[in-house]
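The values are calculated or read from the model by the stated rules, or taken from the named source; none is laboratory data. Since the model is a prediction, treat every value here as computed from it, not as a measurement. When we count neighbours, we look across all protein chains shown, and the Cβ atoms used for this are built from the backbone with ideal geometry, even at glycine. Heavy atoms of the whole protein, side chains included, go into the accessibility calculation; ligands, DNA and RNA do not. Shrake-Rupley method; radii C 1.70, N 1.55, O 1.52, S 1.80 Å.
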Amino acid sequence: MPRLLALSFLGLLATACAPRRPAPGAANEPRPDVVLEGAHLRSYEGDTLQVSGTASRVNYRRAGGEVQATEVVVRLPPGKGSPEGSGADTLITAPNMDGSLASKRWVGSGGVVVRTAEGLVANTPRLTYDSDARRAHGDEGVTMKGPDYQMRADRFTLSSADQTFTFEGTVQAVLGGATE
């Protein structure tokens with residue numbers, strides 16, 4: 001009996017001292033080189049601010065310039081082609097954002113919300129933003145509400161340079177006093 005107890009104790013001790021295995025799926029994920037908490041983001045082209053924002057957490061991997069962030073708020077200033085007097089930013093919020101510094105593209109996911117200076121609020125499950133083109137698009141549907149309309153579309157493109165939306169696929173619109 002004491003021998004059985006001693007063997008059980010040694011087995012328990014060996015299990016407790018064994019190296020921990022990564023969680024399922026985490027084995028393929030390399031550790032980030034840099035982790036930032038409460039980050040403020042700014043991206044410039046020359047002296048011109050292209051994008052600013054915040055994130056509660058940012059993971060950065062030097063190899064490939066990959067970035068992963070959570071609770072992201074991005075501000076896109078109006079471009080040179082914006083209508084006169086539209087000095088307000090377009091605001092994009094996303095629970096998750098994955099991107100690449102090399103490609104200058106990022107993908108917001110988990111329920112992305114876009115708010116424009118004109119009062120438009122768009123909701124989409126996923127949005128891809130290309131910094132070079134200053135253009136966002138989504139292929140998983142979008143719903144929008146404005147001051148006097150609501151709309152739904154299969155796909156969309158948003159140009160932050162001139163703050164215009166383009167809709168494709170099935171598009172449904174209700175004009176005059178949007179309601180739930």
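The table for this structure:
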{"quantity": "Carbon plus sulfur fraction of accessible area for the stretch 34-175, probe 1.4 Å, in percent", "calculated": "50"}
{"quantity": "Probe 1.4 Å, protein heavy atoms only - accessible area per residue of the stretch 34-175 in square angstrom", "calculated": "54"}
{"quantity": "Inter-label distance for residue 130 and residue 73, nm, one decimal - labels placed 7 Å from Cα along Cα-to-Cβ", "calculated": "2.9"}
{"quantity": "Whole-angstrom gap from the stretch 134-173 to the stretch 95-115, using each part's C-alpha centre", "calculated": "17"}
